[in-house]
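Enquirer: Dropping a structure here in structure tokens format, bear with me for questions.
The values are calculated or read from the model by the stated rules, or taken from the named source; none is laboratory data. Note that the structure is a prediction, hence the values are computed from the model and not measured. Here the Cβ positions follow ideal geometry from the backbone for every residue, glycine too, while neighbour counts run over all protein chains shown. Please note that ligands, DNA and RNA were not included when accessible areas were found on the heavy atoms of the full protein model with its side chains. Shrake-Rupley method; radii C 1.70, N 1.55, O 1.52, S 1.80 Å.
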Amino acid sequence: MLVGVGLGPGDPELLTLKAVETLKKSYKVYVPGRLAAELVAPYAEAEIMDFPMLTDYNVLNAVWKKNAEMIAEESRDNLVSFGLIGDPNFFSTFTHLKRVMKRLYPDVETSTIPGISSITSFAAQTGAEVDASFEVSDGSDSKYKIRLKASRPLEIIDSFKKEGYSKFTFAERLFSPDEVIITEQENIPEKGNYFSIIFAEKE
């Protein structure tokens with residue numbers, strides 16, 4: 001199994017307990033840079049994997065393919081971690097790596113352990129208080145939308161469809177014993193609760 005491990009914003013005290021335990025149990029740990037390697041060092045020896053900051057997708061795809069091939073052999077029968085700054089699902093090197101793995105090595109299971117992201121780190125360090133809807137952008141076109149407190153998920157989905165969104169995930173009470181995750185739209189319930197989320201994607 002390949003696990004993307006969020007290491008948080010850079011403070012060694014902001015790693016989660018689950019991240020630490022996973023790093024300790026891993027057969028191999030990869031990281032994309034020096035700062036991530038330093039955060040991992042107390043728990044495991046990490047190998048820095050080259051992911052150049054380029055915009056040439058032909059070059060990048062070749063690098064991702066090469067790295068995926070290396071990881072696939074080790075992660076089929078072992079726990080392999082890829083530790084990175086922030087959260088592995090938000091603007092992350094691991095997202096690209098995971099996509100390549102799923103395409104070329106679908107037999108290798110992948111998962112992620114969330115880490116404190118730059119968004120929540122920013123709020124903590126600057127005293128920003130966000131209690132209403134807000135927008136996050138890296139300058140690219142918006143392809144995703146998240147709706148919290150999705151108590152009427154089907155109505156929300158209908159409104160999102162008018163904006164061009166076509167793929168939806170419903171989640172409720174995440175990381176609790178009563179967790180619910182539904183990816184098939186026909187199975188999404190009419191009602192959710194305060195802890196319900198709709199994730200919308202443009203395909």
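Enquirer: In whole angstrom, and with the biggest value first, how far do the Cα coordinates of the chain range along each principal axis?
Expert: In descending order, the Cα extents are 48, 39, 37 Å.
Enquirer: From the phi of every residue in the stretch 168-173, what ³J(HN,Hα) in whole Hz does the Karplus formula 6.51 cos²θ - 1.76 cosθ + 1.60 yield, where θ is phi - 60° and glycine or proline is x?
Expert: 9, 10, 10, 9, 8, 6
Enquirer: Given the options 154, 39, 79, state which has the largest fluctuation in a GNM of the chain using a 10 Å cut-off (strictly under) for Cα springs.
Expert: Among 154, 39, 79, the largest mean-square fluctuation in the Gaussian network model of the chain belongs to 154.
Enquirer: Per DSSP helix of 4 or more residues, -39500 (n - 2.57); summed, then divided by the residues of the chain. What does that give at 222 nm, rounded to the nearest 500?
Expert: Computed ellipticity for the chain at 222 nm equals -9500 deg cm²/dmol.
Enquirer: Against the longest alpha carbon principal axis of the chain, how many degrees, from 0 to 90 and to the nearest 10, is the axis of helix 93-104 turned?
Expert: Taking Cα atoms only, the helix is inclined about 90 degrees.
Enquirer: Sort all Cα-Cα distances of the stretch 66-128 into consecutive 10 angstrom bins from zero, then give the percent of pairs in each bin up to the one containing the longest distance.
Expert: 20, 45, 21, 11, 2
Enquirer: Taking amide hydrogens as modeled 1.01 Å from N in the peptide plane, which residues meet the under 5 Å criterion relative to residue 152, leaving out close sequence neighbours?
Expert: 192
Enquirer: When the expected Rg is taken as 2.2 N^0.38 Å, what fraction or multiple of it is the alpha-carbon Rg of the stretch 1-118?
Expert: 0.97
Enquirer: Over the chain, with a Gaussian network built from C-alpha contacts below 10 Å, which listed residue (11, 131, 87) shows the highest mean-square fluctuation?
Expert: 131
Enquirer: Quick check: at a probe of 1.4 Å, how many percent of the accessible area of the chain sits on carbon and sulfur atoms?
Expert: Exposed carbon and sulfur together represent 51 percent of the surface.
Enquirer: Is the shape of the stretch 39-86 best called rounded, prolate or oblate, per the rule: a/c under 1.5 gives rounded, else a/b larger than b/c gives prolate, else oblate, with a ≥ b ≥ c the square roots of the Cα gyration tensor eigenvalues?
Expert: It is oblate, given that a/c is not under 1.5 and a/b is not larger than b/c.
Enquirer: Could you list which residues have their amide H under 5 Å from that of residue 112, counting only those 5 or more apart in sequence or on another chain, with H placed in the peptide plane?
Expert: 4
Enquirer: Name the most mobile residue of 83, 164, 33, meaning the one with the largest mean-square fluctuation, in a Gaussian network model of the chain with Cα contacts below 10 Å.
Expert: 164
Enquirer: Follow-up. Taking the Cα centre of the chain as origin and charging only Cβ (+1 Lys, Arg; -1 Asp, Glu), how large is the dipole, in debye to the nearest 20?
Expert: Dipole of the chain, to the nearest 20 debye: 280 debye.
Enquirer: Further, regarding this structure: Let me know the shape class of the stretch 95-203, please: from the alpha-carbon gyration tensor, a ≥ b ≥ c as square roots of the eigenvalues, rounded when a/c is under 1.5, otherwise prolate if a/b is greater than b/c, or oblate.
Expert: rounded
Enquirer: Rounded to the nearest 5, what is the percent of antiparallel bridges among the DSSP beta bridges in the chain?
Expert: 50 percent
Enquirer: On a 1.4 Å probe surface of the protein chains, which of 202, 191 comes out largest in accessible area, and what is the full order?
Expert: 191, 202
Enquirer: Quote the relative contact order of the chain in percent (integer), defining contacts as alpha-carbon pairs under 8 Å separated by 6+ residues.
Expert: 22 percent
Enquirer: Moving on. With respect to the cross-link table entries 66/149; 66/162; 65/161; 28/161; 28/202; 18/149, which display a Cα-Cα separation exceeding 31 Å?
Expert: 66/149; 66/162; 65/161; 28/161; 28/202
Enquirer: Next question. How much area per residue is accessible in the stretch 1-131 when the probe is 1.4 Å and only protein heavy atoms are counted (Å²)?
Expert: Accessible area per residue, the stretch 1-131: 58 Å².
Enquirer: List the lysines whose Cα lies under 23 Å from the Cα of residue 24, skipping any in the same chain that are fewer than 8 positions away.
Expert: Result set, ordered by chain and number: 98.
Enquirer: Let me ask something additional. Given a 1.4 Å probe and the protein chains all in place, what does the accessible area of residue 110 round to, in Å² to the nearest 10?
Expert: Answer for residue 110: close to 30 Å² accessible.
Enquirer: Under the Karplus relation 6.51 cos²θ - 1.76 cosθ + 1.60, θ = phi - 60°, what is the ordered set of whole-Hz ³J(HN,Hα) values for the stretch 125-134, x standing for Gly and Pro?
Expert: 7, 9, x, 5, 10, 9, 10, 8, 4, 8
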